[in-house]
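The structure appears right after this line, and notes come after that.
The values are calculated or read from the model by the stated rules, or taken from the named source; none is laboratory data. No experiment lies behind these values; they were computed from the predicted model shown. Glycine gets a Cβ as well: all are built from the backbone with ideal geometry, and neighbour counts include every protein chain shown.
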Amino acid sequence: MKLYGIPHCDTVKRARAWLAEQGHDAAFHDFKKAGVPPEHLDAWLAAAGWERLVNRKGTTWRQLGDAERAAVTDAASARALMLRLPSVIKRPVVEWDDGRITVGFDAARWTAA
């Protein structure tokens, strides 16, 4: 299992703590230091869709200019933005051992799965 995110993100911290409490050993991939692996991003886009992956509530999105935000209209434009600015990706992204990919932290949903 691998968890992708930014270490100082509160949601990522909560997700990592929850996983540890449940006995899951998740490797951590830091977007800020290691970037976003393009082949993994492609899998996330296929599994979750670009609309789910782009964090429109986050600081990075809000700091973009109107034209830059308006240019994100499909998977290709969202992919380019996420590769350039990984912090615009909704966090955490988890690649589970069973092949599932989840975006964001929802303890109830994770427990049910």
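Filter the stretch 30-40 down to residues that are of a type outside the set (Lys, Arg) and in a helix (DSSP H, G or I) and give me whichever is surrounded by the most Cβ atoms within 10 Å (Cβ to Cβ). Don't jump to the end; show me each part of the working.
Looking only at the stretch 30-40, we keep the residues that are of a type outside the set (Lys, Arg), and these are 30-31, 34-40.
Narrowing the set further to residues that are in a helix (DSSP H, G or I) leaves 31, 34, 38-40.
Values: Phe31: 23, Ala34: 11, Pro38: 11, Glu39: 7, His40: 15.
The extreme case among them is Phe31.
Does the stretch 76-103 hold any residues that are surrounded by 17 or more Cβ atoms within 10 Å (Cβ to Cβ), assigned to a helix (DSSP H, G or I) and of a type in the set (S, T, N, Q), and which are they?
Within the stretch 76-103, Ser87 is the sole residue that qualifies.
Among the residues that make up the stretch 84-95, is at least one of them under 18 Å from Tyr4 (Cα atoms), over 12 Å from the mean Cα position of the chain (by Cα) and small (Gly, Ala, Ser)?
Checked against the condition, which is being under 18 Å from Tyr4 (Cα atoms), over 12 Å from the mean Cα position of the chain (by Cα) and small (Gly, Ala, Ser), the stretch 84-95 yields no hits at all.
Please work out which residue is surrounded by the most Cβ atoms within 10 Å (Cβ to Cβ), limiting yourself to the stretch 41-59 and to residues that are at pLDDT 95 or above, assigned to a helix (DSSP H, G or I) and out of contact with any strand residue (DSSP E or B) (no Cβ under 7 Å at 6 or more places or on another chain).
Applying the filter and picking the extreme gives Leu41.
Could you list, in sequence order, the residues of the stretch 1-35 that are over 22 Å from Thr60 (Cα atoms) and of a type in the set (S, T, N, Q)?
Residue satisfying the conditions is Gln22 alone.
Does Val12 satisfy the condition of being part of a loop (DSSP other than H, G, I, E, B), within 18 Å of Thr102 (Cα to Cα) and within 12 Å of the chain's Cα centre (by Cα)?
Details: part of a loop (DSSP other than H, G, I, E, B): no; within 18 Å of Thr102 (Cα to Cα): yes; within 12 Å of the chain's Cα centre (by Cα): yes.
No.
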